[in-house]
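Values quoted throughout were computed directly from the atomic coordinates according to the rules given, and no laboratory measurement underlies them. Worth saying up front: this structure is predicted, and the values here are computed from it rather than measured. Quick reminder, even Gly has a Cβ in these numbers, built from the backbone with ideal geometry, and neighbours come from all protein chains shown.
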Amino acid sequence: MAIKMNVPHRRGGVEANHYVYSTIEGPSFMNEQRAWMSLPGNRSMYLKVHTNNYMKFQLDNGTTRFFGKPFSFYAGISSPHNFKYLSTRVGLRHISKTDHVDFRLKLATGNKSEFSIAARTLYKLGKFRIGEVAMLDIYSMVLNHFNALVGYKVDDKVDLFFRAEHTQHRRSNP
C-alpha cells in the first residue's frame, strides 16, 4: 500500500511517499521524501531522502545547445545517512520529442567501490516506446546491468510497459 502526497509549484515541488509492504516476517515500512526547485539560469536542484538509510542530491546545469540540439549536464551524489559509502555521478542528457539519451559516469567509494559508465536511451515511435539501459563496470570490464523496455501509450491516462532486466551476471571478467 502506498500513500503519496505531491505539492507541485511552478518553481519546484515537494513529494512525500509512505509505503507499507507485506513480507513473510511481517509488515515493512518505508518513507521517501523528494524536493526539487528551479534555480536561476534554467538550472534545477533535486533532493531525495529515504528512511531506509539512503539520500541523493543532484544539480542540473540547465539546457545548452550543441549543433542545434538541446543537452543538459548534471552532477549528483548519493550516500547512506552515515556517509560510509559515497557515490558520485556526472552525466550528459539529450531530450527531444522523439528520443531521450543519457550517458553517465559513476564513481563509488567505500565497500562498494565501482567505476562505471551507463547509457540509457528511450525512443518514441508513435504510441510505442522502446528503450534500454546498460551499465559497464570499467574496473572489471563486465556489463553488470542491462534492461530493455517496450511501452505503449493507450491514452493520456494509461501507459503499458514491459521491462526485462538482467543484473549482476558476474562481478568479474574471467
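Are there chymotrypsin sites (Phe, Trp or Tyr not before Pro) in the range 24-73 that DSSP puts in a loop and that have at most 10 other Cβ atoms within 10 Å, and which ones?
Passing sites in the range 24-73 are Phe67.
Between the DSSP loop rule and a limit of at most 10 other Cβ atoms within 10 Å, which GluC sites (Glu not before Pro) in the range 17-125 are left?
Glu25
Quick one: of Lys69/Lys97; Lys124/Lys153; Lys127/Lys157; Lys97/Lys153; Lys48/Lys157, which pairs are farther than 18 Å apart, Cα to Cα?
The pairs that break the limit, which is 18 Å between Cα atoms, are Lys48/Lys157.
Stokes-Einstein D for the range 4-90 at 20 °C, 1.002 mPa s, Kirkwood Rh over Cα pairs, in µm²/s?
143 µm²/s
Between Asn31 and Phe71, what's the calculated FRET efficiency when r is the beta-carbon distance and R0 is 41 Å? Round to 0.05.
Efficiency for this residue pair is about 0.75.
Could you calculate, for the chain, the ratio of the Cα radius of gyration to the Kirkwood radius, expressed as Rg to Rh?
Radius of gyration over Kirkwood radius for the chain works out to 0.98.
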